1. Got a sec? Which of 94, 102 is free of Cβ contacts under 8 Å to residues at least 60 places away in the same chain, in contact with a helix residue (DSSP H, G or I) (Cβ under 9 Å, 6 or more places away or on another chain) and within 14 Å of residue 199 (Cβ to Cβ)?
2. Going through 141, 123 one at a time, which residue ends up being within 21 Å of residue 199 (Cα to Cα) and without any contact (Cβ under 8 Å) to a residue 24 or more places away in the chain?
3. Could you list, in sequence order, all residues of segment 181-207 that are crowded, with 16+ Cβ neighbours inside 10 Å and either more than 23 Å from residue 63 (Cα to Cα) or modelled with pLDDT under 95 (or both)?
4. Does residue 30 meet the test of being at pLDDT below 70, assigned to a loop (DSSP other than H, G, I, E, B) and surrounded by fewer than 16 Cβ atoms within 10 Å (Cβ to Cβ)?
5. Just for segment 56-88: of the residues that are part of a loop (DSSP other than H, G, I, E, B) and in contact (Cβ under 8 Å) with a residue 40 or more places away in the chain, which one is farthest from residue 123 (Cα to Cα)?
6. Quick check on my filter: what residues within segment 176-223 are under 13 Å from residue 82 (Cα atoms) and free of Cβ contacts under 8 Å to residues at least 60 places away in the same chain?
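The values are calculated or read from the model by the stated rules, or taken from the named source; none is laboratory data. Model, not experiment: these values are computed from the prediction. Cβ placement follows ideal geometry from the backbone for every residue including glycine, while neighbour counts extend to all protein chains displayed.
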């Protein structure tokens with residue numbers, strides 16, 4: 001499958017878990033909300049209530065024997081490269097064909113403390129309200145603005161996913177899903193995650209890196 005998206009090379013470090021190239025962990029991970037310019041959408045933002053902190057973005061066959069867990073930081077350049085350049089092939093070959101259950105897990109390092117949790121919160125809010133496909137559509141769209149996040153890029157990504165941009169901006173502004181993101185991070189640390197992206201296939205990390213070929217080889221070994 002051809003991808004016209006140019007590879008993104010930015011990242012905070014060059015070493016991740018188990019020798020995998022990626023963004024290096026080690027920060028506290030938190031960061032709270034951020035001040036957003038919402039003028040492009042004329043939103044009046046109020047703090048969201050009753051967010052489901054247990055929401056887990058999942059696509060593919062939920063009952064599949066092969067489970068793929070991807071730990072990502074939305075401010076990691078390597079995660080942007082993975083999502084834009086490698087994930088589409090994995091999705092086409094294994095997720096859309098029902099061979100795997102694919103789960104997104106947040107791991108705010110953070111590479112950029114101002115945006116890691118807010119963007120993750122916006123993504124989760126889109127997914128909880130509009131469904132898992134919308135979450136992944138938002139994630140791919142927002143990664144296109146990696147390195148230059150702002151209110152408009154978050155709102156635009158929400159619209160691209162068929163979601164309410166003002167609701168996504170509110171989730172970003174107030175870091176609505178910070179507890180969920182930090183819980184994911186704690187789970188990742190318990191599994192040995194120290195950088196992003198880190199991909200697990202049936203509980204084992206993909207040691208050779210996050211390229212589609214490496215992830216697919218790990219999946220094939222479990223099928």
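1. Just one listed residue meets the conditions, 102.
2. Just one listed residue meets the conditions, 141.
3. 181, 182, 185, 193, 194, 195, 196, 197
4. So residue 30 fits the description; yes.
5. The extreme case among them is 65.
6. Correct list: 213, 214.
So that you can scan it fast, the table gives a plain yes or no per residue for (1) in contact with a strand residue (DSSP E or B) (Cβ under 8 Å, 6 or more places away or on another chain); (2) buried (at least 20 other Cβ atoms within 10 Å of the Cβ); (3) at pLDDT 95 or above; (4) assigned to a helix (DSSP H, G or I):
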| position | (1), (2), (3), (4) |
| --- | --- |
| 94 | yes, yes, yes, yes |
| 104 | yes, yes, yes, no |
| 121 | no, yes, yes, yes |
| 128 | no, yes, yes, yes |
| 138 | no, yes, yes, yes |
